[in-house]
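Before any comments, here is the structure.
Laboratory data are not the source of any read-out in this text; all were calculated from the coordinates shown. Here the structure is a predicted model, which means the values were calculated and not measured. Because the Cβ atoms are built from the backbone with ideal geometry, glycine has one as well, and the counts that use them run over all protein chains shown.
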Amino acid sequence: EFWRYSTGSELMSVTVNTTPTVMSELNSKLTAKLNVSPNPVSRVATVSYNVPHTGYVSVKLYDASGRVITTLYDGMLEAGSYTMTLDARNLAYGVYFLKYEHGTTKYETKLIVR
């Protein structure tokens, strides 16, 4: 299944790659994680994360002062691995924080735009 999600600012696109038969086998082995590549980014970064079980997921980009710049995803997701493309060409140079929340699991990673 493939789909695109974008806000009015056109900062990101999302590609969902899950196969139901494979996902049922992986559900017990899947752990939540968050990765951004390349980092630092000058144009486009790939954001990937795992959802270990179906539930509410939030992925947001914050600036260094803690202000939400954009919400990349906010809603229910089935267990699986997800990939988003973050277009950083419209972002000011500097340090940002990408935050992932799924239930009580929270991850944060620093993203440098240059």
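Brief remarks follow.
- Long-range HN-HN contacts of VAL57 with modeled amide H, under 5 Å: GLY75, MET76, LEU77
- Dipole magnitude (debye, nearest 20) for region 34-97, charges at Cβ of Lys, Arg, Asp, Glu: 180 debye
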